[in-house]
Ligand SMILES: [Zn+2]
């Protein structure tokens, strides 16, 4: 549905690329900028699906809500969202494992694959990929139900096919030239390509899961873009609540971010920690805490992205603002950990 994009275009957060004559490709980048020569390789990458640093997802509020309740968004909610944005970016600065903002990633020189921070990022991505696949599948089903796209046999079949594509992804491949981008080639849909700057800039499991989940959501929608109706429903709600224009590719990118944020939220639930809950939640979106808050046709600006995500999940925004001591702010796990080793297994080494 889009014209061709070139890698030389700025990209904050997540991007999907639509190659020329071919089926769509996705590109997610934290700040994808590429050299002019790279434009010529776009055709070769026609099948690429990409996703970027900016993946975040939203999480549904807990408990049952009527449709009208979910649609309600008050001026108090709006103020809460703004405060949560400020808190998120404050937490990033305090957090020793805080993510690098997208605009800072853009300004960095390329990192070799062997760079210790890039290597650490790759190991993290490989470790959390199996967990992320599972969380993304669950999140897509959850959102499909919440947005009334799961009520018929055809709809369920579409969602099931999408989650099957997610489950088939097997590998994360580091790439110097991708810099702060991540991507997936449709002709090789089991591999996520991940720029080394991006790998090094995401220093927590929560951040990595959020970005991987964004990529996986592009893959879930597939060449037929089967999740487009869901993406548009999410975008409509966000647009009503924020006044932002969220059409076309922006809808998909935002929805991918919502899946990312929601998947990270689920991960936090499953992995109790003494770290403050607001800090862990902030990691899912804090790479958007930029100074240079530029948007483009296909993406909301990074800070607008955080705003839209919190507007979609006011419950999560309020959790970011939660006060209290370290332990008190941790989320009660959905299961009871038996031992440290169980915790380790849950985060999924290969
Ligand atoms: Zn994307």
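Scanning the stretch 199-242 for residues that are touching a residue at least 40 places away in the same chain (Cβ under 8 Å), within 13 Å of the ligand (Cβ to nearest atom) and assigned to a helix (DSSP H, G or I) yields 210, 211, 212, 213, 214, 215, 216, 217, 218, 219, 220, 221. When residue 263 is tested against (1) more than 14 Å from the ligand (Cβ to nearest atom); (2) surrounded by fewer than 24 Cβ atoms within 10 Å (Cβ to Cβ); (3) within 23 Å of residue 172 (Cα to Cα), only condition (2) is not met.
All of the numbers you see were taken from the coordinates with simple rules; none came from a lab. Nothing here was measured: the structure is a model prediction, and the numbers come from that model. Note that each Cβ is placed from the backbone with ideal geometry, even for glycine, and that neighbours are counted across all protein chains shown.
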